[in-house]
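Heads up: the structure comes next, in structure tokens.
Read the figures in this text as sums done on the coordinates, not as results from a lab. Predicted model only: the values in this text are computed from it and were never measured.
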Amino acid sequence: MESIYFACIWALAGFVNGISGMGAALMAVPFMTLFMDIQLIVPLSCLMVVVLSSTLAIKYRSEFHVKIILPALFCAIPGAFLGTQVLKILSSHVLESIMAVFLIVYVLWNFFHIYTPKEERNNAILGGACGFFSGFFGSTISFTGPPLAIYILYTGWKQEKALGALGSALIIITGTTCISHYFAGLYTKEFLHYLLIGIPAGILGMLISFPFIKYITQKTFRKILLLVIGFAGIMCLTRVIHYYF
């Protein structure tokens with residue numbers, strides 16, 4: 001039954017990831033904690049994100065050029081390094097508190113802000129900053145996607161281009177964490193058992209989501225991204241409250 005639950009969880013997570021470009025781990029991890037150990041959840045979620053992101057990148061490979069996300073990718077490396085050092089000084093719950101407040105305030109401001117469609121835009125400095133914080137918070141509290149999604153919202157890229165960019169960025173940024181998990185010996189037989197169940201389930205969920213993309217307007221896509229970002233903020237806040245109370 002646990003294998004069936006695991007497959008259903010990642011099918012749903014794959015669907016969410018397919019229409020928003022992120023959020024698979026955010027959706028799956030709370031359910032996985034009900035019957036799995038955290039030492040198994042973390043590497044599984046990490047590698048599943050890479051698999052789903054790869055599917056997105058392949059699907060929308062013709063919609064964008066990698067060079068538009070290079071500033072984010074380059075800056076994610078020092079961000080991850082600094083995050084690792086900061087984690088030795090500050091508790092992860094302090095960082096989660098900061099992340100929760102920022103994300104929730106950001107989402108509330110955007111929902112009450114009247115959005116007027118504009119031409120697509122790029123900003124290497126802002127992209128680099130979002131990439132830096134993606135690496136920083138990815139290495140400290142495992143929240144890689146929200147900072148990247150914030151930059152996607154700024155650019156105004158159409159859905160296909162945004163999904164391809166998010167997928168490509170998360171492959172590289174999250175993939176480095178997966179490599180560290182491998183050398184840490186976290187890829188056990190039990191890990192491989194669940195991985196072989198999760199991959200087809202997650203990809204199936206994504207394949208089901210793809211036909212819906214063409215019916216999602218740019219405005220609706222923005223709201224979906226904001227909902228996923230807001231959910232990330234609520235998850236951070238919940239973890240902090242649970243820790244302190």
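Computed from phi, the 3J(HN,Hα) profile of region 88-95 under the Karplus parametrisation 6.51, -1.76, 1.60 (θ = phi - 60°) reads 6, 9, 9, 5, 4, 6, 5, 5 Hz, with x in place of Gly and Pro.
Couplings 3J(HN,Hα) for region 14-30, derived from phi with the Karplus relation 6.51 cos²θ - 1.76 cosθ + 1.60 (θ = phi - 60°), are x, 5, 4, 5, x, 9, 10, x, 7, x, 4, 5, 4, 6, 7, 4, x Hz, where x marks Gly and Pro.
When you restrict to C-alpha pairs under 8 Å that are six or more residues apart and normalise by the size of the chain, the relative contact order lands at 40 percent. Annotation: amide H-H contacts under 5 Å for residue 65 (H modelled 1.01 Å from N, sequence separation of 5 or more, or interchain): none. Using the rule -39500 (n - 2.57) for each DSSP H run of four or more residues, divided by the residues of the chain, the 222 nm mean residue ellipticity is -27000 deg cm²/dmol. Partner lysines whose Cα lies under 18 Å from the Cα of residue 219, excluding those fewer than 8 positions away in the same chain, are identified as 118, 158, 161. For region 134-233, the gyration tensor built on C-alpha atoms gives an oblate shape. Its axis ratio a/c (a ≥ b ≥ c) is at least 1.5, and a/b is not larger than b/c. Between region 111-167 and region 195-240, the alpha-carbon centres lie 15 Å apart.
According to the calculation over all Cα-Cα pairs in the chain, the P(r) per 5 Å bin from zero is 1, 7, 14, 19, 21, 18, 12, 6, 2, 0, 0 %. Computed from phi, the 3J(HN,Hα) profile of region 76-86 under the Karplus parametrisation 6.51, -1.76, 1.60 (θ = phi - 60°) reads 5, 5, x, x, 5, 5, 5, x, 4, 6, 5 Hz, with x in place of Gly and Pro.
Region 189-245 gives an Rg/Rh value of 1.16, both radii derived from C-alpha positions and Rh following Kirkwood. Using only the Cα atoms of region 70-139, build the gyration tensor, take square roots of its eigenvalues as a ≥ b ≥ c, and label the shape rounded, prolate or oblate: rounded if a/c is under 1.5, else prolate if a/b is larger than b/c, else oblate. Oblate, since a/c reaches 1.5 and b/c is not below a/b.
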